[in-house]
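Where a number appears in this text, it was derived from the coordinates with a stated rule and is not lab data. Bear in mind that the values here come from a model prediction, so they are computed numbers and not experimental data. Cβ placement follows ideal geometry from the backbone for every residue including glycine, while neighbour counts extend to all protein chains displayed.
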Amino acid sequence: MKLRLKLWILFLASTVTSFFVLFGFAAVIGLFFNQGYTHESMTELGEVIVSDLENNASSEDDAKALINNYAEDYPDIHMIWFTYDGRLIYDTKNGSTSLTFEEYMDHFLNMPQNLWLYDEHAAFLFDFEIDETRYYLLASLQGDAVQGSQIFIYIADYQQLAMLVLPIILFLVTPIIFAYVFFSRINHRLNRLNNVMKKFKFSGEKHLIEDDSKDEISQLTHNFNDMAQRIQKQVEEIQVIDEKRQSLIANLSHDLRTPLTMIIGYAETLNSEMQIDQITRKKHLEIILRRSTYMNNLLEKLLEVAQLDQYKTRIKKKEQNIIELIRRIAADYFLDFEADGIDFVVDLPDKPIIANFDKELLERALQNLIDNAYKYGADGKYIRLQIVQKEKMIQINVTDHGKGIPQSKQKHIKERFYRGEEGRSGEGLGIGLSIVEEVVNAHDGKLILKSIPNKETTFSVILPLAN
Ligand code: ADP
């Protein structure tokens, strides 16, 4: 059911209910808590008595007997019988009374206010005829025998009725108009949100809605805007990764085909009937070996890409001396760097530093950083491995004096599959740094890059110390 229809049903139901509640309440209160004669019941009773007198009393004595009967049935009511010119004939209290006509007439003063004054009389006058002679019957009662509250509505013509009903209609309709305007606005805002949600697509299209109010619908709208923005950002990221994956596959097939063609070519030559001297044979075999090793490395790295996301769950941290690990890693590189004439500086504190880390993963990450410093910064002929201890953390710096990374590329450098020009022309896959970052994140640490091209490039791994 549409909200608009529900709203109308609600309006109608609430109006009818309030109508019944109002009058139902008044009736119940009147029935149980507002006892006594009313203006209306007195008038009706008076009419009944005088018509009885007119129809059934043929003499004064008959009439007196009838009046007395009624007085016994209605003991609160005091009845007095007058002639048309004001002479008293009979009074139910004393038989014949000592009060003057003027005194009786005083009962009429200030009616109908007297109806509610306990110490005053409320009086009603009726006229009747017996044997073509006219009489008055005065019925009076003490204020406390009358109902505490009564509603009087006297309407002379339909125009007056309209004037009375109009405010009642307005009284009922005004809240409905206000509520309708309010709900229409809410309905409009919900419809707008609904339409935008229906049209939502995972494309680059913008789906934001303006809503400056501070209520729940505006919160919903803001949450939708946030969600749409987050989804769009994620879709864009997925698209970028997808593009990179595609280009990786293209690059990989190229990177694998070239050495494979070479291997096949050289292997065929060696396998042919041709006479090949010992030196050439050795050269061919060396090329085959080098190219197969290259392919093997490439495939190993590819395997690592597949495992990247599992670091957070696979990690096995242990509190241990990090200096010892760094010293062992450095030792593996000394000979190679020396042979290439690289000044390899290892700057470590003397005393052990205990940190909580996974030895194998951290070793792989640091090796990636040192390999990069060698691959891309060897022409600077300087590589430094340094540990700086800070208050609650430890910083491991890998520095080189090579070409460095231009400012514009620095923010992409850690992304998966991102390769600089050197990376593309060499054996790079663009995953080394993303592996480092995954490992560092799994240790609740940070990877920071500072590079001044052609001067100094430092990758810093910051790890929290053990408690
Ligand atoms: P790969 O080395 O497999 O290409 P990485 O994620 O390790 O992938 O590195 C991404 C890119 O960052 C490299 O292609 C290279 O251009 C650049 N890079 C990494 N380390 C350095 C460095 N020390 N100096 C200059 N460029 C670097």
One computes Rg over Rh for region 341-396 from alpha-carbon atoms, with the Kirkwood Rh, and obtains 1.01
Could you give the size of the charge dipole of the chain about its Cα centre, using +1 on the Cβ of each K and R and -1 on the Cβ of each D and E, expressed in debye and rounded to the nearest 20?
6240 debye
Residue separation between K375 and L303 times 0.36 nm, minus their alpha-carbon distance, gives in nm 23.8 nm
Kindly rank 36-48, 235-247 from highest to lowest mean number of other beta carbons found within 10 Å of each residue.
36-48, 235-247
What full-extension length gain, to one decimal in nm, is calculated for I209 and L12 as 0.36 nm per residue of separation minus the Cα-Cα distance?
67.6 nm
N296 versus I354, label points 7 Å from Cα toward the beta carbon: distance in nm?
4.1 nm
If contacts are Cα pairs under 8 angstrom and at least 6 residues apart, what is the relative contact order of the chain in percent?
9 percent
On a 0 to 90 degree scale, rounded to 10, what angle separates helix 3-33 from the longest Cα axis of the chain?
40 degrees
Based on DSSP H runs of at least 4 residues, each adding -39500 (n - 2.57), what is the mean residue ellipticity at 222 nm of the chain after dividing by all its residues, to the nearest 500 deg cm²/dmol?
-19000 deg cm²/dmol
Report the per residue volume, in Å³, of the convex hull enclosing the C-alpha atoms of the chain.
331 Å³
Excluding residues fewer than 8 positions from K312 in its own chain, the aspartates and glutamates with Cα under 18 Å of it are E304, D358, E360, E363, E415, E437, E438, D444
For region 141-205, what is the largest minus smallest coordinate of the Cα atoms on each principal axis, given in angstrom and ordered from greatest to least?
88, 32, 11
For the chain, with +1 on Lys and Arg beta carbons and -1 on Asp and Glu, the positive-most of V346, F82, P167 along the dipole:
V346
Would you calculate the separation in nanometres between label points at I169 and F200, each defined as 7 Å from the Cα along the Cα-to-beta-carbon direction?
4.7 nm
Cα centroid distance between region 1-44 and region 404-467, in Å?
79 Å
Mind checking which of F20, V146, L302 is farthest towards the positive end of the chain's charge dipole, using Cβ charges of +1 (Lys, Arg) and -1 (Asp, Glu) about the Cα centre?
L302
May I ask you to order 444-456, 263-275 by the average number of other C-beta atoms within 10 Å around their residues, highest value first?
444-456, 263-275
Just to compare against my own numbers: the Cα pair-distance distribution for region 292-390, 10 Å bins, whole % per bin, please.
13, 38, 35, 14, 0
Highest to lowest packing among 281-292, 63-74, scored as the average C-beta count within 10 Å:
63-74, 281-292
Helix axis angle, 278-307 relative to the chain longest principal axis, alpha carbon, degrees:
10 degrees
Along the dipole axis of the chain (charges at Cβ: +1 for Lys and Arg, -1 for Asp and Glu; origin at the Cα centre), the most positive-end residue among I413, L10, I288 is I288
Using the Cβ atoms and a cut-off under 14 Å, what net charge is assigned to the surroundings of N69, where Lys and Arg are +1 and Asp and Glu are -1?
-4
Additional length obtainable on full extension of the chain from E415 to R245, 0.36 nm per residue less Cα span
60.0 nm
Eligible lysines near K2 by straight Cα distance, threshold 19 Å, same-chain separation 8 or greater
K198
